[in-house]
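Beneath this line is the structure, given in structure tokens, with notes to follow.
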Amino acid sequence: MEPARAREPTEHTVNELVAKPEPADVIAAGRAEIDEIDKQIIELVQRRVTVSRTIQEARLAAGGRRVELARENQIITRYREGLGKPGTSIALTLLELCRGQR
């Protein structure tokens, strides 16, 4: 009886040796990334609110209106073109946040 020889790795056996991520690990990593993205979005929205209020104050000080509808329409269009129909809702929500108290 001959001694057993080591089998040459084939592409199939090499692929079996490469660890495939567990679905739970993929989900956990994806959720962590989404949490970080959400944190950045919130920070950017807060920054946008601050800049918008500065602009509103300057416009009011110059005798203008607090809200400029033509500009808001440009923003709504930009979001709709960039994100499709749901972009309109996002733009309207951002504009509402940035208008502040009346």
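The values are calculated or read from the model by the stated rules, or taken from the named source; none is laboratory data. Everything numeric here is computed off the predicted structure, so don't read it as measured data. So basically every Cβ, Gly included, is an ideal-geometry build from the backbone, and we count neighbours across all protein chains shown. Note: accessible area is taken over every heavy atom of the protein model, side chains too, but ligands, DNA and RNA are not part of it. Shrake-Rupley method; radii C 1.70, N 1.55, O 1.52, S 1.80 Å.
Can you find even one residue in the stretch 68-88 that is touching a Phe, Trp or Tyr at 6+ places or on another chain (Cβ under 8 Å), surrounded by 11 or more Cβ atoms within 10 Å (Cβ to Cβ) and at pLDDT 95 or above? Please lay out each step first, then the result.
Initial filter on the stretch 68-88 (touching a Phe, Trp or Tyr at 6+ places or on another chain (Cβ under 8 Å)): 87-88.
When the remaining residues are screened for being surrounded by 11 or more Cβ atoms within 10 Å (Cβ to Cβ), the result is 87-88.
Now restrict to residues that are at pLDDT 95 or above: 87-88.
Yes: the stretch 68-88 contains one or more residues that are touching a Phe, Trp or Tyr at 6+ places or on another chain (Cβ under 8 Å), surrounded by 11 or more Cβ atoms within 10 Å (Cβ to Cβ) and at pLDDT 95 or above.
Here residue 62 does not fit the description of being open to solvent by less than 80 Å² (accessible area, probe 1.4 Å) and more than 17 Å from the chain's Cα centre (by Cα). Scanning the stretch 81-102 for residues that are touching a residue at least 40 places away in the same chain (Cβ under 8 Å) and closer than 16 Å to residue 41 by Cβ gives 94, 97, 98.
For the stretch 22-38, a residue qualifies if it is open to solvent by less than 90 Å² (accessible area, probe 1.4 Å) and either more than 23 Å from the chain's Cα centre (by Cα) or of a type in the set (Gly, Ala, Ser) (or both), and the qualifying residues are 24, 28, 29, 30, 32.
Here residue 41 passes the criteria (1) at pLDDT 95 or above; (2) open to solvent by 90 Å² or more (accessible area, probe 1.4 Å); (3) within 18 Å of residue 91 (Cβ to Cβ) except the one numbered (2).
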